[in-house]
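Step one of this worksheet: look at the structure below.
Values in this text are rule-based calculations from the coordinates and carry no lab data. Note that the structure is predicted; figures quoted are calculated from it, not measured. Heads up, the Cβs are rebuilt from the backbone with ideal geometry, glycines too, and the neighbour counts pull from every protein chain shown.
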Amino acid sequence: MKTHAVEKILRIKNPSKKQFLEMWKKYQPFIIEDVSTHWDACNKWSNNYLREQCGNKIVSIQVRDKDFFYNDRKFANGEGFVNRKEMKFSEYIDYIENEVNGKNNNHDLGFYLGEGPFEEWFPEIVGDVTYQGYFNRKPFVQFWYGCSSKGHTSTTPLHFDGMHNLFAQIRGRKKLLLFSPSDYLSFYPSIEDSTGYAHHSKVLPHLYDLELFPKFPWQDKIEVILQPGEILYIPAFWWHHVTAVDENISLSFFYDFKIQDFFMQKKLLSTVLNIAPHYLYHATSSKESLSNTIALIKSWILPTNFTDTLK
Ligand SMILES: O=C(O)CCC(=O)C(=O)O
């Protein structure tokens with residue numbers, strides 16, 4: 001059976017802060033056009049420029065079995081789990097170029113530079129990006145650089161983040177499958193493997209398997225092909241699965257959410273209440289889980305470096 005892929009995504013062009021917050025209140029993903037297009041990053045970040053600016057940096061790469069994202073039974077059991085490998089950024093760029101040009105013969109393993117702490121690894125190019133002031137909070141920024149080739153497609157499996165995410169596509173394209181966080185358990189979260197809130201799903205949503213995951217909302221996905229120069233707002237707790245369409249670079253700007261956001265984004269509260277009972281049971285099961293939970297709740301309440309002006 002085929003599930004339909006629908007572009008139900010809202011779009012807005014270069015919004016003022018007020019227009020942004022009006023959209024944000026709806027607790028729906030939307031695309032911002034005509035903002036990051038003007039960042040130097042979108043014009044300057046060729047492979048040669050990145051090599052010159054930061055090629056000698058040591059980066060940590062995700063390493064996965066080639067079929068890791070294509071066998072849903074194995075994936076659900078956590079087989080072929082992720083390892084990491086350190087290498088020079090310039091070596092990783094060589095790997096990507098060889099992959100894209102069909103020159104890598106070993107396809108048993110796929111590499112992906114994901115979740116890179118941008119400011120820490122690449123301070124030389126931070127100035128190529130304009131941080132948006134929609135939230136008046138300091139974001140934590142992650143760098144993602146991958147490709148799609150005959151042998152390997154960079155993939156981030158289905159998960160949610162407990163933060164607001166402005167996801168900026170700098171180069172190339174990415175495909176995102178987004179799911180509204182209706183009923184937590186229908187996403188088959190891996191509660192038992194988690195030391196914090198279980199935010200990873202056992203489902204590979206690009207492979208349809210009604211037998212294995214009968215409760216999963218297969219029909220409800222929003223499918224987006226994100227183009228260079230577009231920013232996608234991913235609300236906190238919305239599930240998302242991300243794959244490379246071609247060689248591409250993205251940046252995630254993660255903003256903590258605060259207690260007062262519950263009053264602005266009304267659906268956020270019902271989402272958290274839906275997750276909370278399952279989570280609390282797990283959160284008190286070990287010392288580590290408990291301290292992660294306390295840190296999370298503190299981050300909702302305590303002020304960040306910037307004054308919150310969501311009024
Ligand atoms: O780009 C990716 O591969 C994943 C991005 C992501 O999951 C995120 O920003 O939360």
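Students often check this: by mean Cβ neighbours within 10 Å, which of 158-169, 100-111 ranks highest, and how do the rest follow?
Details: 158-169: 21.5, 100-111: 13.6.
Highest to lowest by the protection proxy: 158-169, 100-111.
Within 15 Å, Cβ to Cβ, of Glu247, how many net charges do the neighbouring residues add up to if Lys/Arg are +1 and Asp/Glu are -1? Present the calculation step by step, with values, prior to reporting the outcome.
Values: positive: Arg51, Lys103, Lys150, Arg171, Arg173, Lys174, Lys175; negative: Asp94, Glu97, Glu99, Asp246.
My count for the surroundings of Glu247 gives +3.
Given contacts defined as C-alpha pairs under 8 Å and at least six residues apart, what's the relative contact order of the chain, whole-number percent?
Numbers: 593 pairs, mean separation 77.9, N = 311.
Averaging sequence separation for qualifying contacts and normalising by length gives 25 percent for the chain.
What 222 nm value per residue comes from the helices of the chain, counting each DSSP H run with n ≥ 4 as -39,500 (n - 2.57) and dividing by all residues, nearest 500 deg cm²/dmol? Please list the in-between numbers first.
Details: 9 runs with 79 residues, N = 311.
Only helices count here, giving -7000 deg cm²/dmol.
Hey, with R₀ at 41 Å, roughly what FRET efficiency would Lys287 and Asp34 work out to, going by the Cβ-Cβ distance, to 0.05?
Working: r = 48 Å, r/R0 = 1.18.
Efficiency at R0 = 41 Å is approximately 0.25.
If each of Glu120 and Phe140 carries a label point 7 Å out from its Cα toward its Cβ, how far apart are those two points in nm?
About 0.9 nm separates the two model spin labels.
Taking a spot 7 Å from the Cα of Lys88 along the direction of its beta carbon, which residues of region 43-82 have an amide N less than 18 Å from it?
Residues 47-61 fall inside that zone.
Could you work out how far the C-alpha centroid of region 7-39 sits from that of region 223-297, in angstrom?
18 Å
Answer with one residue from Phe167, His152, Val203: the one whose Cα lies farthest towards the positive end of the charge dipole of the chain, charges on Cβ with Lys, Arg +1 and Asp, Glu -1.
The listed residue farthest towards the positive side: Phe167.
Mind checking which of Ala276, Pro139, Ser252 is farthest towards the positive end of the chain's charge dipole, using Cβ charges of +1 (Lys, Arg) and -1 (Asp, Glu) about the Cα centre?
Result: Ala276, furthest along the dipole toward the positive end.
Using a simple spin-label model with points 7 Å from Cα along the Cα→Cβ vector, what separation in nm is obtained for Leu296 and Lys26?
Placing both labels 7 Å along Cα→Cβ, they lie 2.8 nm apart.
Which GluC sites (Glu not before Pro) does region 5-95 hold that lie in a coil by DSSP with at most 10 other beta carbons within 10 Å?
Working: sites: Glu7, Glu22, Glu33, Glu52, Glu79, Glu86, Glu91; in loops: Glu7, Glu79.
Taking region 5-95 and a limit of 10 other Cβ atoms within 10 Å, the loop GluC sites (Glu not before Pro) found are Glu7.
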